[in-house]
Amino acid sequence: MSTETPTVEPALAHWLSDHLDRPGPWELRRLTGGNSNETCLLRNTDTEFVLRRPPRHALSASAHSVAREHRLLAALQDTAVPVPRAFALCEDPGVPSAPFLLMEHIPGAVAITDELPAAYGADPNALTAVADEIVDALAAIHLLDWRAAGLEGFGRPEGFLERQVQRWYRQWQKIERRPLPAMPRLAAWLEEHRPEAGGPALMHGDFHLDNCLFSAAEPRALAVIDWETATIGDPLMDLGLLVAFWGERELAHPGMPGVQAVSRAPGAPTGEHLLDRYAQVTGTSVRHIDYYRCLALFKLAAITEAAHTQYLDGELRTEYAAALEHDVPALLAEACAIAGLRR
């Protein structure tokens with residue numbers, strides 16, 4: 001967690017006090033960065049908020065639209081989907097840090113990564129409860145009546161699954177800097193084995209345990225966060241990514257081993273447990289889940305290879321970006337293993 005505490009410029013302080021109906025002084029501290037929208041903790045004398053803004057080196061403007069994220073959070077208020085409350089959106093280029101959105105800071109919330117909160121230690125079924133909570137949160141997203149929530153036009157659901165392989169393959173081709181022979185092999189396999197898509201649903205777009213906030217006191221999901229890649233499409237792509245990173249992986253040295261690392265702790269439920277619960281709660285068949293696991297890893301490799309290119313160009317100097325030298329080929333190798341393709 002960064003200790004960076006930028007000075008809140010007068011123009012920003014005035015905007016905040018005006019739109020949040022609270023006096024200053026204001027303190028802004030960046031918590032996370034990288035390729036997702038930056039998350040900052042915003043404080044005044046008695047209240048905390050979360051400020052979200054695009055990263056400094058955005059891979060694409062559309063992928064980091066805080067206006068889309070704000071619209072979605074506003075639409076999900078008072079639904080079964082657990083999200084932070086959205087308070088305000090600033091798109092005025094004259095305001096420092098704009099564009100940004102302001103949303104609720106949830107007290108007592110924690111992100112679970114490689115170990116459970118200390119308070120869970122007395123519960124032998126805590127990991128199973130965590131797994132069930134995230135599956136239920138994902139089911140709530142997919143079962144939402146997105147048209148009734150005012151999300152008509154939020155995405156292009158017609159032909160969504162049919163567009164995915166070529167979309168991400170072309171994105172990779174635009175930034176290709178090193179040989180990744182698994183990319184064309186996987187693209188061909190995915191096109192050949194694509195199942196018939198089910199009905200469209202709201203998709204998170206990057207759903208995994210790390211993007212859920214839990215109570216520090218008990219295994220209870222409080223909010224799903226990081227919605228900048230949400231759209232309307234095939235919900236099984238969300239499920240594919242979740243289970244691709246859950247539990248034991250296909251490789252001894254997989255890509256991004258820290259994602260959902262707690263799911264590989266002793267006593268964690270298997271991916272099959274997650275699939276069974278999802279199928280039971282949603283009534284959706286998961287028999288083609290291996291296809292969606294491959295597609296999720298293929299898409300993620302295409303996206304993150306762009307960040308690796310930024311690292312090579314000196315634009316992005318983080319441990320995460322440096323690790324992509326290994327992680328991207330490993331993600332593709334894992335997708336090949338799931339598909340039954342020889343290296």
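The values are calculated or read from the model by the stated rules, or taken from the named source; none is laboratory data. A quick note: this is a predicted structure, and the numbers were derived from the prediction, not measured. For neighbour counting, all protein chains shown are included, and Cβ atoms are generated from backbone atoms with ideal geometry for every residue, glycine included. What goes into the accessible areas is simple: the full protein's heavy atoms, side chains included, and nothing from ligands, DNA or RNA. Shrake-Rupley method; radii C 1.70, N 1.55, O 1.52, S 1.80 Å.
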R194-A265 pseudo-label distance in nm [points 7 Å out on the Cα-to-Cβ vector]:
4.0 nm
Any idea how far apart E248 and D18 come out in nm if each label point goes 7 Å out from Cα toward Cβ?
6.0 nm
When the helices in the chain are scored as -39500 (n - 2.57) per DSSP H run of 4 or longer and the sum is shared across all residues, what 222 nm value do you end up with, to the nearest 500 deg cm²/dmol?
-13000 deg cm²/dmol
Taking segment 79-224 as the region of interest, what is the percent of Cα-Cα pairs per 5 angstrom bin, listed from the shortest bin to the one with the maximum distance?
2, 7, 12, 13, 14, 14, 15, 13, 9, 2, 0
So, for the chain, what is the accessible surface per residue at a probe of 1.4 Å, expressed in square angstrom?
45 Å²
By how many nm would the segment from E9 to E27 lengthen if fully extended, with 0.36 nm per residue of separation less the alpha-carbon distance?
5.5 nm
Summarise the accessible area of the chain (1.4 Å probe, protein heavy atoms) by the percent that is carbon and sulfur.
50 percent
Where does helix 66-76 land angle-wise versus the long Cα axis of the chain, in degrees 0 to 90, nearest 10?
90 degrees
So what's the gap between the Cα centers of segment 239-281 and segment 35-49, to the nearest angstrom?
31 Å
Please give the per residue volume of the convex hull enclosing the alpha carbon atoms of segment 211-343, rounded to a whole number of Å³.
144 Å³
Between A122 and V110, what length in nm is gained on full extension when 0.36 nm per residue of separation is reduced by their alpha carbon distance?
2.5 nm
Expressed in square angstrom to the nearest 10, the accessible area of H253 with a 1.4 Å probe stands at 140 Å²
Provide the packing ranking of 95-102, 310-317, i.e. peptides ordered by the mean count of other C-beta atoms within 10 Å per residue, highest first.
95-102, 310-317
At 25 °C and 0.890 mPa s, grab the translational diffusion coefficient of the chain from Stokes-Einstein with a Kirkwood Rh over Cα pairs, rounded to a whole number in µm² per second.
117 µm²/s
Can you give me the angle between helix 319-339 and the longest principal axis of the chain, using Cα atoms only, in degrees from 0 to 90, rounded to the nearest 10?
30 degrees
What is the helix-to-structure angle for 10-20, meaning the angle in degrees between its Cα long axis and the longest Cα principal axis of the chain, kept from 0 to 90 and rounded to the nearest 10?
80 degrees
From the Cα centre of segment 296-343 to that of segment 128-182, the distance in Å is 18 Å
Semi-axis lengths (Å, descending) of the ellipsoid that matches the C-alpha gyration tensor of segment 84-126:
37, 11, 7
